[in-house]
Structure formats: C-alpha cells, structure tokens
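Read the structure below first, then the notes.
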Amino acid sequence: MSTLATGRGHAVVTGGAGFVGSHLCQALLAHGYDVTCVDDYCTGSPHNVAQLADHPGFTFVAGDVAQGLDVDRHTDLVCHLASPASPADYLRLPLHTLDTGSAGTRNALELARRHGARFLLTSTSEVYGDPLEHPQSESYWGNVNPVGPRSVYDEAKRFAEALTTAEAEAADVDTAIVRLFNTYGPRMRPFDGRAVPTFIRQALAGRPLTVTGDGTQTRSLTYVDDTVEGILAMAWSDLSGPVNIGNDTELTMLELARMIIELTGSSSVIEFIERPTDDPMVRRPDLTLARGKLRWEPRTAPRDGLERTIAWFREHPEG
C-alpha cells in the first residue's frame, strides 16, 4: 500500500464543497491529512464544508479550476472531483461542464506534476453511455451519443480520462481513475434532478413520485460512505485504473420509488412522465477489479443507505 495511506500529507480536493467532495474532505481530515478544498460553488455549497471550517488542517480556496489552480504548499495528493454531475446542472451549465472536464483537468494534472503528487480523477459510469454490455466492466468502451444532450457531461469525463492517461505517459504523472456509479446520501440537493433526492423530496411532501418512462430502467446506487472509501482505496493503491466504484445491487426506478414511499411512510402515488433523451436503460458495475485489486466492496445495502438519506432530508428539507 502507498505511503499516502499513512495520512501524513497534504491533499487538494477540487469540487470539495460538493456532495461527494465534502465527504471526501471530511474523510481525508479524519485520516490525518491537511486538506485544501477548491470550489467555485457552481453546484457545491458552503454549508457542505461549514463543519470543517474550524479544523486546523482545512483550508478553503474559492476558485474555478478551469481558470487555473495554483496551490503553493507542497501537495501529496490531488483529487479532481470538480464538475456539475446531475442532468439538471450540466444541462444548465454545458460549457462550464466541458471546460471543467478539459481545462480543469489539465490544471489539476499540472498541479500534481509540479508537486510530484498522486493524481486521482473521479470519472463516472456515464462514460459507458446507454450500455450494450451488462454489467459494465472497465474494458467496455461504451455507447455514448457525442452530440446528445447528455454529451456535455459524458464526453467531458471521457476526455478527462484520455487526458489523464496521456499525462501519465507523456509527463510521468502518477495517476488514477475511478468510475463512480450513482452515489447518493446526505448533502445531496433536493432539486438536483437525480432520482434519489427527487423521490425523497416528493415522498416527504406527499406529492406524486415522477418516474420516467415505464420505470423498468435500472441503476446501481452507491452510498456516499462506500464511494469515499473506494476513492481512498484507489488513492492509496498503485493502480492507474480505471476502476469501477459502485454497488452491484441493481434496482429498477419503479422499485426505488416504491422503496422510498415505504421507508418514508408516505401516501404518495407514482406518476409516469416522459423519459429523457439518451437516458441509459441499464447500469450495474462489474466490481471484479475493485474487489480483487483494491480489496474494496460496498458495505451499505440500498435500503439502509436510503433510510439514512431520508433521515437527513427530514432534518435538512432545503438541502
């Protein structure tokens, strides 16, 4: 295991005030790292890192990584999470999403190169598009529409993977790529457009749960604590990846909606609405690499994770 696992060092987390990023900052601090969180708040929130503000090892830097990333302090680990990640956000911010995946990734890689740091890119299962292979293994090249509405996110992440790979080969940067599958949990925004917060928000308000299409499309939901543990396992390994980090328990959207109605005790009904363009029909990770090479696997069953997430939304109805 890498010496990074000792926790004695400095990590930079781009997108660190976002949903997953804030949990990662918290975990790194708990492992003994000093953490510099960089975020422009385009989708993140100061509330996500408010509990870290008084930690002596935590520093917040307001900035857009696509415009530059200059951290003077010696850095051991750069985790590049910055990017709008939900359809509601990347469709609202298409050019910013592409800039973050391209120029932002280049700037984060350059920071890692200057400091001799390990660089970790959080990519996404969306690089697989609407997959023709199921479950999805890291060797699958994907089925992505390069000019569809989701392409600004899908192709930004695919380009970020290509850039990371090229930088490793051309500039000898120590790089790692993880592909995250449908992470959910506390600190999600209720109106971010993804299924879990949308269904929970609707159920708690007693409103119909809006299931797209006929609800038979599937997702594999990963509780945020498991995602963060997977990211750290990859950061502390000597693997370059890509490696899938997800939960291979697959649920249909209809099953998810019914589970959330049950867990909230809601009287909500299900309402079917039009399915978005290029919405993937299936999604489930092949976790062979993660289990075999990282000795990591998800520990949180969807039902347990949803109970914790619902409890958080009850306490934080505005997100």
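Any idea which of (1) surrounded by fewer than 20 Cβ atoms within 10 Å (Cβ to Cβ); (2) of a type outside the set (A, V, I, L, M); (3) out of contact with any Ser or Thr (no Cβ under 8 Å at 6 or more places or on another chain) is the one THR309 doesn't satisfy?
(1)
Let's see how each residue does on (1) among the aliphatic types (A, V, I, L, M); (2) within 20 Å of the chain's Cα centre (by Cα); (3) part of a loop (DSSP other than H, G, I, E, B); (4) closer than 19 Å to ILE200 by Cα:
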site: ILE231; (1), (2), (3), (4): yes, yes, no, no
site: ILE260; (1), (2), (3), (4): yes, no, no, yes
site: GLU271; (1), (2), (3), (4): no, no, no, yes
site: ARG291; (1), (2), (3), (4): no, yes, no, no
site: THR300; (1), (2), (3), (4): no, yes, yes, yes
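Looking at THR198, THR164, which one is farther than 24 Å from PRO280 by Cα, surrounded by 21 or more Cβ atoms within 10 Å (Cβ to Cβ) and either modelled with pLDDT of 95 or more or in contact with a helix residue (DSSP H, G or I) (Cβ under 7 Å, 6 or more places away or on another chain) (or both)?
Going through THR198, THR164 in turn, the sole match is THR164.
Given the criteria surrounded by 16 or more Cβ atoms within 10 Å (Cβ to Cβ), among the polar types (S, T, N, Q) and either farther than 16 Å from LEU232 by Cα or within 21 Å of the chain's Cα centre (by Cα) (or both), does GLN26 qualify?
Against the criterion (surrounded by 16 or more Cβ atoms within 10 Å (Cβ to Cβ), among the polar types (S, T, N, Q) and either farther than 16 Å from LEU232 by Cα or within 21 Å of the chain's Cα centre (by Cα) (or both)), GLN26 qualifies.
Given the condition buried (at least 24 other Cβ atoms within 10 Å of the Cβ), more than 19 Å from THR183 (Cα to Cα) and under 19 Å from the mean Cα position of the chain (by Cα), answer yes or no: does some residue in segment 77-95 qualify?
Yes, segment 77-95 contains at least one residue that is buried (at least 24 other Cβ atoms within 10 Å of the Cβ), more than 19 Å from THR183 (Cα to Cα) and under 19 Å from the mean Cα position of the chain (by Cα).
Checking the condition in a loop (DSSP other than H, G, I, E, B) and without any contact (Cβ under 8 Å) to a residue 24 or more places away in the chain, which residue from ASP54, ASP70 passes?
ASP54
If I filter segment 260-287 down to residues being surrounded by 14 or more Cβ atoms within 10 Å (Cβ to Cβ) and among the β-branched types (Val, Ile, Thr), which single residue comes out as nearest to ASP248 (Cα to Cα)?
Ranking the candidates gives VAL282 first.
The values are calculated or read from the model by the stated rules, or taken from the named source; none is laboratory data. Only a predicted model underlies this, so the values are computations on that prediction, with no experimental measurement involved. Note that we place each Cβ from the backbone using ideal geometry, even for glycine, and neighbour counts take in every protein chain shown.
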